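Below is one structure; the comments refer to it alone.
The values are calculated or read from the model by the stated rules, or taken from the named source; none is laboratory data. No experiment lies behind these values; they were computed from the predicted model shown. Here the Cβ positions follow ideal geometry from the backbone for every residue, glycine too, while neighbour counts run over all protein chains shown. Just the protein is used for accessible areas: all its heavy atoms, side chains included, with ligands, DNA and RNA removed. Shrake-Rupley method; radii C 1.70, N 1.55, O 1.52, S 1.80 Å.
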Amino acid sequence: RTDILAINAIGTSAGTGGAILFGNSQSITAGSVGGAAIKYLLQDGSSNTQGDLAFSTRNATSDTSLTERMRIQYNGNVGIGTTSPGAKLDVYHEGNGTDTAQRIIYNYADFGGTAQSLLTLQGKSTTMGTNSGVAINFNYDKSGTVRNIGKLSVIRDDGSDDRSSMVFSTNKEGTLTEAMRINYLGNVGIGTT
């Protein structure tokens, strides 16, 4: 075909495909796989050529192969730290013995028409005083206008790193308003902070 740079593999089974390998003179001399790669992976081995795009790097000198770090699936899902993303954005951290596995999944949920829900994770700087912490925002997107319809926050009580409250906020006539709080003592307040 004209005006196309093609890097093809002769395999026809799932997982085969062409690749761009990145390396330097040391990797050539050592006969290694190089330091990074972008590879096309045939999705199911059929004749329709659906495929994923995998991005790999080499972590250490002693590694004998590349490790996949990110994948864009044929259906548009993007996975970081996972080879099988289950949403439009799927970020996975396995943990390393000192911390636990973490996963952040971001996706659209269609409610019909152009209306969609959005989930965002938000962190605040510790220099922001009493209200610093982290939050999950629940948003509603209709025809390009995003509205915040709810929020779950964990905030520092009185600016202390050793005390925190969980705050539930709801949309009251277009404004997010705190509806319930569980403070660091375990007390639950509805309609009071």
Legend entry - Pick from segment 165-187, criterion outside any strand (DSSP E or B) and polar (S, T, N, Q), ranking: least open to solvent (accessible area, probe 1.4 Å): Asn183
Inset, instruction - Exactly one condition in (1) part of a loop (DSSP other than H, G, I, E, B); (2) more than 25 Å from Gly81 (Cα to Cα); (3) free of Cβ contacts under 8 Å to residues at least 12 places away in the same chain is not met by Thr29; state its number. - result: (1)
Legend entry - Search result, residues across segment 12-32 that are open to solvent by 70 Å² or more (accessible area, probe 1.4 Å) and among the β-branched types (Val, Ile, Thr): Thr12, Ile20, Ile28, Thr29
Legend entry - Residue identified as farther than 30 Å from Gly76 by Cα and modelled with pLDDT of 70 or more among Gly159, Gly189, Gly129, Gly133: Gly189
